[in-house]
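Step one of this worksheet: look at the structure below.
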Amino acid sequence: MDFYQINDLERLSGVKAHTIRIWEKRYGLITPHRTETNIRYYDDSQLKKILNVATLSTVGFKISKIAAMSEQELKIQIKESQQHELSDSRFDFYVNDFIGAMLDFNEQYFNELFAEVVEKFGVQSAMVNILYPFLYKTGVLWRVDEAIPVQEHFASMLIRRNLFLLIGNLPAPKDKSKKFLLFLPSNEWHEIGLLFAEYIIRHHGLETINLGQHVPYVDLEHVIIKAKPDFLLTFLISDTHEEYISHLQNLLSSKYKKTLCLISGNPAKLDIYSESKNLKILRFPKDILKVL
C-alpha cells in the first residue's frame, strides 16, 4: 500500500499513536512523509521499522537502545531474540514477520514462515496464537465494510492454500460416529475460519462435508436431507444472515431435531443470535473442540 496513516501503524503494530509520535520526536525513529496538503503518512519501510521496534520493546529492550541500532543491527537482534524468547513472546515475533512478508508480497518467505510455525507449535497453536492474531491485526479475518487492500488478498490466498494442503495430507476419516457439514451462507466469502475448523475436525478422525463459500439456503437444505449430518458449522462475518439462520433453525427444530448448528465468526456480529437446542455459538476457535 505504501500509504499509511498513524492509526494504521497503531492497528498493525499495537503501539499507541501518541507513543509513535513520542518515538518520532524524542528518538527520531521515523520521519513521516507529507502530502501536498500537509497530511502525514508513512510507507512500508517505516511500518516495518515500527513493527520491529515494537517487537523488541515488548521483550524488554529499552527504546533508547533500539533507537541507536542500525537497520542491520535491528534485524540481527530480532532474529536472536526470536530464538531465545519464550513461546508467548515468539508468537509476537512471528505475527510481525507475517505482516512484513505480506507487505513485501514475499510468497516464499510467507510460506516458509507458515511451515516453520506449524512445525514448531502445531497447526492448532499456530493458528490460534499466530495466524489468527495476524489476521485480526491486518483485518483479513473480519473486514466487511471496506475493500480489502491487495496485500491482504495476497495473505488470505496463501493461508487458504496452505490450509488446503494440510487438510489434503490428512488420512481419510475413520470415525463415522459424527458427521460435520461445513458451509458459508450466501454472499459470505471469508473461508479461513471454516478451513481451520475442517482441519481440526478431520485431524480428530471425524467425517466432514465442506460446501465452501456462498451456499444458497435451498442448496444447503438439499444436502442436509441427503447427507443427514450430525453437526452444521458455519462462520458469519457480515450481519446480513439473520433470515438465513432463522430458516435453518426452524428446519432443524421441526425436521432434524438431532442436528446441531454451530455458528462462529465475527464476535461483533454474533450477539443477534440466541442459542437454542439446535443452535450453539462458538465464540473462540478452540470452542470447536468441545463438541468433538
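The values are calculated or read from the model by the stated rules, or taken from the named source; none is laboratory data. Note that the structure is predicted; figures quoted are calculated from it, not measured. Counting neighbours? That spans all protein chains shown, and the Cβs are built from the backbone with ideal geometry, glycine included. Side chains included, ligands, DNA and RNA excluded: accessible areas come from the protein's heavy atoms. Shrake-Rupley method; radii C 1.70, N 1.55, O 1.52, S 1.80 Å.
Tell me, please, whether a residue that is part of a loop (DSSP other than H, G, I, E, B), small (Gly, Ala, Ser) and free of Cβ contacts under 8 Å to residues at least 24 places away in the same chain can be found in the stretch 36-51.
Checked against the condition, which is being part of a loop (DSSP other than H, G, I, E, B), small (Gly, Ala, Ser) and free of Cβ contacts under 8 Å to residues at least 24 places away in the same chain, the stretch 36-51 yields no hits at all.
What number of residues within the stretch 171-194 are of a type in the set (A, V, I, L, M, F, W, C) and modelled with pLDDT under 95?
Within the stretch 171-194, residues that are of a type in the set (A, V, I, L, M, F, W, C) and modelled with pLDDT under 95 number 4.
Somewhere in the stretch 246-268, is a residue open to solvent by 70 Å² or more (accessible area, probe 1.4 Å) and touching a helix residue (DSSP H, G or I) at 6+ places or on another chain (Cβ under 7 Å)?
yes
Just one of (1) open to solvent by less than 30 Å² (accessible area, probe 1.4 Å); (2) at pLDDT 95 or above trips up residue 209, so point out which.
(1)
State all residues of the stretch 253-292 that are touching a strand residue (DSSP E or B) at 6+ places or on another chain (Cβ under 6 Å) and among the aliphatic types (A, V, I, L, M); if no residue qualifies, say none.
260, 262, 263, 270, 279, 281, 282
Being more than 16 Å from residue 249 (Cα to Cα) and not in a loop (DSSP other than H, G, I, E, B) is the filter here; which residues of the stretch 263-292 pass it?
Of everything in the stretch 263-292, those that are more than 16 Å from residue 249 (Cα to Cα) and not in a loop (DSSP other than H, G, I, E, B) turn out to be 265, 267, 268, 269, 285, 286, 287, 288, 289, 290, 291.
Pairs under 8 Å by beta carbon, first residue farther than 16 Å from residue 257 by Cα in the stretch 217-234, partner of a type in the set (S, T, N, Q) and part of a strand (DSSP E or B), six or more apart or different chains?
Every condition considered, the pairs that remain are 234/264.
Being part of a loop (DSSP other than H, G, I, E, B) and either small (Gly, Ala, Ser) or under 20 Å from residue 100 (Cβ atoms) (or both) is the filter here, so list the residues in the stretch 1-30 that pass it.
Hits for the stretch 1-30 are 1, 2, 3, 5, 14, 15, 28, 29, 30.
Restricting attention to the stretch 134-165, report how many residues are modelled with pLDDT under 75 and among the small types (Gly, Ala, Ser).
At the first step, the residues of the stretch 134-165 found to be modelled with pLDDT under 75 are 139-149.
If we keep only those that are among the small types (Gly, Ala, Ser) as well, we get 139, 147.
Number of matching residues: 2.
Being over 24 Å from residue 138 (Cβ atoms) and either part of a helix (DSSP H, G or I) or modelled with pLDDT of 85 or more (or both) is the filter here, so list the residues in the stretch 71-87 that pass it.
Hits for the stretch 71-87 are 72, 73, 76, 77, 80, 83, 84.
Of all the residues that make up the stretch 1-23, how many are touching a Pro at 6+ places or on another chain (Cβ under 9 Å) and surrounded by 17 or more Cβ atoms within 10 Å (Cβ to Cβ)?
1
Which condition does residue 252 not pass, out of (1) more than 29 Å from the chain's Cα centre (by Cα); (2) over 24 Å from residue 289 (Cα atoms), if it passes all the others?
Just one mismatch for residue 252, condition (2).
One residue is enough: does the stretch 38-54 have a residue meeting the conditions open to solvent by 40 Å² or more (accessible area, probe 1.4 Å), farther than 19 Å from residue 155 by Cβ, at pLDDT 85 or above and out of contact with any Lys or Arg (no Cβ under 8 Å at 6 or more places or on another chain)?
yes
Residue under question is residue 279, and the condition is that it be modelled with pLDDT under 95, over 24 Å from residue 130 (Cα atoms) and over 22 Å from the mean Cα position of the chain (by Cα); does it hold?
yes
Out of all the residues in the stretch 270-292, which are surrounded by 18 or more Cβ atoms within 10 Å (Cβ to Cβ) and touching a residue at least 60 places away in the same chain (Cβ under 8 Å)?
288
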